[in-house]
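Below is one structure, written out as structure tokens; the observations come after it.
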Amino acid sequence: MQLRDQNVEQLAGRDFDVLVIGGGINGAVSAAALAAKGANVALIEQRDFAGFTSQESSNLAWGGIKYLETCEFGLVRQLCQSRNRLLQHYPSTVREIRFLTTIPKGFRHHPLMLWLGAWVYWLMGQGFTQTPHYLSAQQLQREEALLNTDLSRGGLEYSDAYLEDNDARFTFQFVRAAMDHGCCAANYVQALDMRRDNDHWAVQAHDAVSGHTFAICARVLINATGPFVDDLNCQSGQRTEHQHVFSKGIHLIVNRLTPNRRVLAFFVNDGRLFFAIPMGSRTCIGTTDTRVGTPFVTVTDDDRQFVLDNVNQRLRLDTPLTRQDIIAERCGVRPLAVMQEAVDNSGDFLKLSRQHAIEADRQQAVLSIFGGKLTDCLNIGDKICVEAQAMGIRLPHPRQRWYGEADASVKQAFLQQARDIELDRYTPASASEPLSARLWRRYGAAAMHLVEAIRAEPKQAEIVIGAYMRCELQQAAEREMIVKLDDFLRRRTMLALEMRREDLKQDAGLMDTCTLLFGAAAQSKYDEYFQARDGVTRS
């Protein structure tokens, strides 16, 4: 944790242009954009980066085809353009994927309307993806034998995008990019109190690791705390036009249901979309959409049964899925931005807009980000830079591009180095892609350090856990601010989603992983992780 300790020390010793509070996707892109353009930025998160809402998504970067039904054409166009930017600038991480949607008999819209809607969606996306197609029930069955088409009128095939790795890893990459441009970032640091003094904010912060409390000074505050934006604004005395309402969504992770690389989409009985999404060697199924009054939610028996019933009704499985088939679960809230006066009269919250809102209090120098989607993250980063400039923050490099993978020349240099040491021969038999492709996707230019480590000591290519090499774990310990074992298993990787807890506990490489990540504290970190999941303590 040396890097994190250094950053915490700097937080108390510097005067920042901007302090971003919240290390989910909104805070991560805000910090990355501002730092790349030359601002002096600090970022704090009271949990781990992406440790709350941003680790619970469907892993989709999609334009929101369902919002066509509520006539939110501007939102759909914006999300499609945002999706296209992600596909263009993160070709190794964000990839086009086909959606195969089954239309049930008696559905509220005629199939022709859905087919036309799919073409409108494609046109709004400027034809960036493959064209949509209508399929008869028989064609659906030929395309995907797993589908139960007995009650189907037909189906649609269209394209959107998804994350090759998980949402939390994608979020952390923005944090890492922000640090590469000089941002001082630290997880497990909580903002306790904040006061405006002349033209600066003084924020009392608590380091959960050391127990120390210290002050952070900044000219501008960015409240990017996701579902806790309202709470933090109350704490700082901010009055806003927007507020959040919460929708709970859950996903269940099971063994891969079909070898085909596509998302299976269905309309459940109340008309909402329901997905079976490929996730490595697993399938992620869901989601629910339940209004709740708190961001702290758990998966209930009713939630599990809802998801299992829907997937069993719509797929021809040799054996229906049961709770024993659940490998892992995801559960979080979507913070939906609504105007204050509409909070109590929001009606059918399923129809509430997923549009984000950024409110600026220029007199107090506070920016608050409401709502937002992973798909729209680049727009949020751009808008935050505009608002920060309006508050007097100088951006020395205003045209600097702050997002995207490294240049093609850097990638070619890495691939050449990988060929020189025959890197792909170390690829585990269970892997779905060559090792060089995975390392580039996850680490970008920093993957070159891994090649150098293996060249110097071939033992560094030894697989320790899952498909992860010894040199990857050492680099994670040095560069990724891993404080708890859950940070690595759940957010820097997907191991906690791909393996049952019992299997993780029995994996011979897990203690070696702890040793590489935590050194002398390995046993205590191991015990902390499993005690938390057995209900003994909370992480």
Is it true that some residue in region 402-414 is surrounded by 14 or more Cβ atoms within 10 Å (Cβ to Cβ), under 22 Å from the mean Cα position of the chain (by Cα) and of a type in the set (Phe, Trp, Tyr)?
yes
Quick count over region 474-523, residues being closer than 29 Å to Gly211 by Cα, of a type outside the set (Ser, Thr, Tyr) and part of a helix (DSSP H, G or I), is 27
Checking Tyr162, Tyr188, Tyr121 in turn, the sole residue that is touching a strand residue (DSSP E or B) at 6+ places or on another chain (Cβ under 6 Å) and of a type in the set (Phe, Trp, Tyr) turns out to be Tyr162
Could you please let me know if Arg334 is loosely packed, with under 13 Cβ neighbours inside 10 Å and modelled with pLDDT under 95?
no
Just name the residue that is farthest from the chain's Cα centre (by Cα) out of those in region 498-523 that are surrounded by 13 or more Cβ atoms within 10 Å (Cβ to Cβ) and of a type in the set (S, T, N, Q).
Thr515
Please enumerate the residues belonging to region 249-269 that are in a loop (DSSP other than H, G, I, E, B), in contact (Cβ under 8 Å) with a residue 60 or more places away in the chain and not basic (Lys, Arg).
Leu257, Thr258, Asn260
Determine if region 73-85 includes at least one residue that is part of a loop (DSSP other than H, G, I, E, B), surrounded by fewer than 24 Cβ atoms within 10 Å (Cβ to Cβ) and not hydroxyl-bearing (Ser, Thr, Tyr).
no
Conditions (1) under 21 Å from Pro278 (Cβ atoms); (2) at pLDDT below 95 -> Pro111 fails only (1)
Go through (1) in contact with a strand residue (DSSP E or B) (Cβ under 8 Å, 6 or more places away or on another chain); (2) surrounded by fewer than 17 Cβ atoms within 10 Å (Cβ to Cβ); (3) closer than 21 Å to Ile277 by Cβ and name the single condition Thr101 misses.
(2)
I'd like to check something: does region 87-96 contain any residue that is surrounded by 14 or more Cβ atoms within 10 Å (Cβ to Cβ), part of a strand (DSSP E or B), hydrophobic (A, V, I, L, M, F, W, C) and in contact (Cβ under 8 Å) with a residue 24 or more places away in the chain?
yes
Name the one entry in Phe246, Phe214, Phe275 that is in contact (Cβ under 8 Å) with a residue 24 or more places away in the chain, closer than 28 Å to Phe296 by Cα, in contact with a Pro (Cβ under 9 Å, 6 or more places away or on another chain) and in a strand (DSSP E or B).
Phe246
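Results for (1) of a type in the set (A, V, I, L, M); (2) touching a helix residue (DSSP H, G or I) at 6+ places or on another chain (Cβ under 6 Å), shown as yes or no for each residue.
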| residue | (1), (2) |
| --- | --- |
| Gly372 | no, yes |
| Gly381 | no, yes |
| Val386 | yes, no |
| Met391 | yes, no |
| Pro396 | no, no |
| Asp407 | no, no |
| Ala413 | yes, no |
| Gln417 | no, yes |
Tally, over region 294-317, of residues that are surrounded by fewer than 17 Cβ atoms within 10 Å (Cβ to Cβ) and assigned to a helix (DSSP H, G or I):
6
Only residues that are in a strand (DSSP E or B) and buried (at least 21 other Cβ atoms within 10 Å of the Cβ): list them for region 217-243, please.
Ala218, Val220, Leu221, Ile222, Asn223, His242
Given the structure, is Val333 in contact (Cβ under 8 Å) with a residue 12 or more places away in the chain, not in a strand (DSSP E or B) and not basic (Lys, Arg)?
no
Per the filter on region 104-138, residues surrounded by fewer than 15 Cβ atoms within 10 Å (Cβ to Cβ) and polar (S, T, N, Q) are Gln126, Gln130, Thr131, Ser136, Gln138
What number of residues within region 382-410 are in contact with a strand residue (DSSP E or B) (Cβ under 9 Å, 6 or more places away or on another chain) and among the acidic types (Asp, Glu)?
1
In the set Ala178, Ala205, which member is crowded, with 17+ Cβ neighbours inside 10 Å, part of a strand (DSSP E or B) and touching a Leu at 6+ places or on another chain (Cβ under 9 Å)?
Ala205
Quick check on this structure: which one of Arg291, Arg262, Arg256 is loosely packed, with under 15 Cβ neighbours inside 10 Å, of a type outside the set (S, T, N, Q) and over 18 Å from the mean Cα position of the chain (by Cα)?
Arg256
Pairs needed: first member in region 398-411, free of Cβ contacts under 8 Å to residues at least 60 places away in the same chain and under 26 Å from Val386 (Cα atoms); second member anywhere, aliphatic (A, V, I, L, M) and surrounded by 14 or more Cβ atoms within 10 Å (Cβ to Cβ); C-beta distance under 6 Å; at least 6 residues apart or different chains.
Ala406/Ala445
From the list Asp165, Asp160, which residue is among the acidic types (Asp, Glu), over 22 Å from Gln46 (Cα atoms) and buried (at least 22 other Cβ atoms within 10 Å of the Cβ)?
Asp160
Which numbered condition trips up Asp527, out of (1) under 25 Å from Ala467 (Cβ atoms); (2) at pLDDT 95 or above; (3) surrounded by fewer than 17 Cβ atoms within 10 Å (Cβ to Cβ)?
(1)
Residue check, Arg438 surrounded by fewer than 18 Cβ atoms within 10 Å (Cβ to Cβ), out of contact with any helix residue (DSSP H, G or I) (no Cβ under 8 Å at 6 or more places or on another chain) and assigned to a helix (DSSP H, G or I)
no
Filter region 381-397 down to residues that are surrounded by fewer than 24 Cβ atoms within 10 Å (Cβ to Cβ) and of a type in the set (A, V, I, L, M, F, W, C) and give me whichever is nearest to Gly226 (Cα to Cα).
Cys385
Among the residues in region 189-196, are any more than 30 Å from Phe99 (Cβ to Cβ), in contact with an Asp or Glu (Cβ under 9 Å, 6 or more places away or on another chain) and not hydroxyl-bearing (Ser, Thr, Tyr)?
yes
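The values are calculated or read from the model by the stated rules, or taken from the named source; none is laboratory data. The structure displayed is predicted, hence computed values, not measured ones. We place every Cβ from the backbone using ideal geometry, glycine too, and count neighbours over all the protein chains shown.
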